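The values are calculated or read from the model by the stated rules, or taken from the named source; none is laboratory data. The structure presented is a predicted model; accordingly, all values stated were derived computationally and were not measured. Reconstructed Cβ throughout: ideal geometry from the backbone, glycine too, with neighbour counts over all protein chains shown.
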Amino acid sequence: MTAPSSITITVPATTANLGPGFDCLGAALSLYNHFKFSIADSATEVKITVTGKETPRVSTDKSNLAYQAFVKLYEYIKQTPPSVLIEIDLGVPLARGLGSSATAIVGGLVAANQLAGNPLSQTEVMNLAIAIEGHPDNVVPALLGGCRLTASTPTGWEICDIPWHPDIVPVVAIPDFELSTAKARQVLPTEYSRADAIFNCTHLGILLRGLETGRGEWLQAGMQDKIHQPYRKSLIKGYEYVRSAALNAGAHEMVISGAGPTLLALTNSLTSSKVIAAMTDAWQNQGVIAKVQALEIDTRGAVFS
């Protein structure tokens, strides 16, 4: 099959960690970044244009993460990367805990693989994405779609597709402030007690059953965590206030999306509008403007044309 000279990749946002699922559990959401890669005739190695919100904050030189991932795949297959034009259309907010960096990594790798004639399998592309990102919980669902639990093995990674009950509606509250992943990791302890480890293991098991069945009491119990949220919530203004508002409006539970500051509430179609209004008002009362919306679970992952 002849390799294309141009390709467009659509990559979904992700919500990761999901309570006790720290660095291992994530789901793809119906927000998207779009990347178009076109092989260029010029001697310029890369030319990047960006549209959408937060455009000035995206690098347009070789430091651009999508381009770095693009080059990484060519290095992996021991080929010289071609000169390329990259057009990026942003739909996923930056530094908000919705996997914007994962979209760039997956977009760059998938584009390179297709323009190079598809030399790598999807699993090999996934392994490269995990190596670049450093952990699997965002890049795996961004590439594959759905809700995914990832575990390391002596030979690589084991990926488990987690059923997501159709009655569970993810509501994201995206504030008008940022929180870097590096800062969010700095507040975490280097060691945990046996009791905390056991707590998270048991609650992750309950959460997985809750996601599969839609049972509210299992979702509420299963989203409790002692590994990252107790330490990170202090970095998010109004966290407890917004959580109380979401629960009072009918949400099963609310957690930090990724490293934050976006907050994720799980609810159902009957209460989602009330949860959206309650979270919006609660944060506004704390002096924070937030975009709060109900999303869907993306089941396709990265797609290209």
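General remarks:
- Ala112 meets the conditions (1) small (Gly, Ala, Ser); (2) within 20 Å of Asp23 (Cα to Cα); (3) in a helix (DSSP H, G or I) in every case but one. The failed one is (2).
- Filtered residue count, the stretch 75-109, keeping only those that are among the acidic types (Asp, Glu) and either outside any helix (DSSP H, G or I) or within 17 Å of Ser6 (Cα to Cα) (or both): 2
- Of all the residues in the stretch 247-278, those that are closer than 17 Å to Trp218 by Cα and either β-branched (Val, Ile, Thr) or buried (at least 22 other Cβ atoms within 10 Å of the Cβ) (or both) number 8.
- Qualifying residue in the stretch 172-180 (condition: assigned by TED's automatic domain parsing to the domain that holds Gln286, part of a helix (DSSP H, G or I) and over 30 Å from Asn113 (Cβ atoms)): no
- The listed residue being at negative phi and at pLDDT 95 or above, out of Leu94, Leu120: Leu120
- Picking from residues in the stretch 7-56 that are in contact (Cβ under 8 Å) with a residue 60 or more places away in the chain and of a type in the set (Ser, Thr, Tyr), the one that is farthest from Leu94 (Cα to Cα) is Thr8.
- In the condition set (1) touching a residue at least 40 places away in the same chain (Cβ under 8 Å); (2) in contact with a helix residue (DSSP H, G or I) (Cβ under 9 Å, 6 or more places away or on another chain); (3) of a type in the set (D, E, K, R), Asp281 is compliant with all but (1).
- Qualifying residue in the stretch 188-200 (condition: modelled with pLDDT under 95, among the hydrophobic types (A, V, I, L, M, F, W, C) and either closer than 12 Å to Gly260 by Cβ or part of a helix (DSSP H, G or I) (or both)): no
- Looking across the stretch 171-209, the residues that are of a type in the set (Gly, Ala, Ser), closer than 28 Å to Ser272 by Cβ and touching a residue at least 24 places away in the same chain (Cβ under 8 Å) come down to Ala173, Ala184.
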